[in-house]
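So the structure is just underneath, and the comments pick up after that.
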Amino acid sequence: MNIEAKELSKIYGEGENRVVALDKVSLKIVSGDFISVIGPSGSGKSTLLHLLSGLDRPTSGHLTYENKDIYGLSDKRLSALRRRRIGFVFQQFHLLPVLTVRENIIMPLLLDKKQPDEGYLEQLSHLLGIHDRMTHLPCELSGGQQQRVAIARALIAKPDVIFADEPTGNLDSRSGAEVMEMLSAIHEKMGKTLVVITHDNRIAAMADRQYSIVDGVLTEVVSG
Ligand code: ADP
């Protein structure tokens, strides 16, 4: 799925409180890309991710998925598109504590009144190293394992693109490195488009294309 943002801006507040969170950001994401966006706190990273994934609408600008204008869709159709084509991974794992690992992973399908593809679930749980934890509760897992469950949940509906917002932000460096290796493997082996937001240079450098964001302005980082 090709994604194209054209001059996306997001302005919060008015007068003295006016904040330009995103300033005319244009970006082309081609199917199978691995892109990183690095920037300090308050630079507009989350705003960009929310706009690119249709979680929020811009003050001005356009976003197309396969040349189709996304913000023109109703909220209902936009959320259906998100459920089916986009996977999200957040800094907080957002697992439901009373559900088992398996139930957490298949929850997005149940919300869409669909049954899991058991073969695919098996493949995901092995790839993410959580196949022997499927009947456990989240509190019985380490942070790194919980994030891997969240990644499986992000992938269960077979989305085209994964948006990860500081996916290692809550993990120690070793678990963080494991989680990034897995996201990278998912990009390579499953051909998923991956957009990772981070403030960690080492993570940003894993991507095929790196961008930096400062005061809402996005710039491609050209190495060498
Ligand atoms: P980051 O994810 O890089 O930390 P954000 O995208 O969350 O940055 O925020 C960018 C800027 O927009 C910040 O100055 C922030 O204070 C401001 N901002 C974000 N959300 C809101 C909001 N709902 N209302 C007002 N200002 C906001």
Complete set of residues in the stretch 26-45 that are of a type in the set (Ser, Thr, Tyr) and more than 15 Å from the chain's Cα centre (by Cα): 26, 41, 43
Residue list for the stretch 80-107, restricted to those being closer than 21 Å to residue 196 by Cα and not basic (Lys, Arg): 81, 86, 87, 88, 89, 90, 91, 92, 93, 94, 95, 105
For residue 165: the one exception among (1) within 16 Å of the ligand (Cβ to nearest atom); (2) closer than 20 Å to residue 82 by Cα; (3) surrounded by fewer than 17 Cβ atoms within 10 Å (Cβ to Cβ): (3)
Residue list for the stretch 25-45, restricted to those being within 15 Å of the ligand (Cβ to nearest atom) and either in a loop (DSSP other than H, G, I, E, B) or at positive phi (or both): 39, 40, 41, 42, 43, 44
Given (1) within 27 Å of residue 223 (Cα to Cα); (2) within 16 Å of the ligand (Cβ to nearest atom), index of the condition residue 60 fails: (1)
All positions within the stretch 103-156 that are of a type outside the set (A, V, I, L, M, F, W, C), assigned to a loop (DSSP other than H, G, I, E, B) and more than 15 Å from residue 189 (Cβ to Cβ): 112, 113, 114, 115, 116, 117, 135, 136, 142
Hits in the stretch 111-141 - residues which are surrounded by fewer than 12 Cβ atoms within 10 Å (Cβ to Cβ) and either over 20 Å from the mean Cα position of the chain (by Cα) or within 24 Å of residue 174 (Cα to Cα) (or both): 113, 115, 118, 119, 126, 132, 135, 139
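A short reminder: the numbers here are calculations on the coordinates, not readings from a lab. None of the values given here were measured: they were computed from a predicted structure. All Cβ positions, glycine included, derive from the backbone under ideal geometry; neighbour counts span all protein chains shown.
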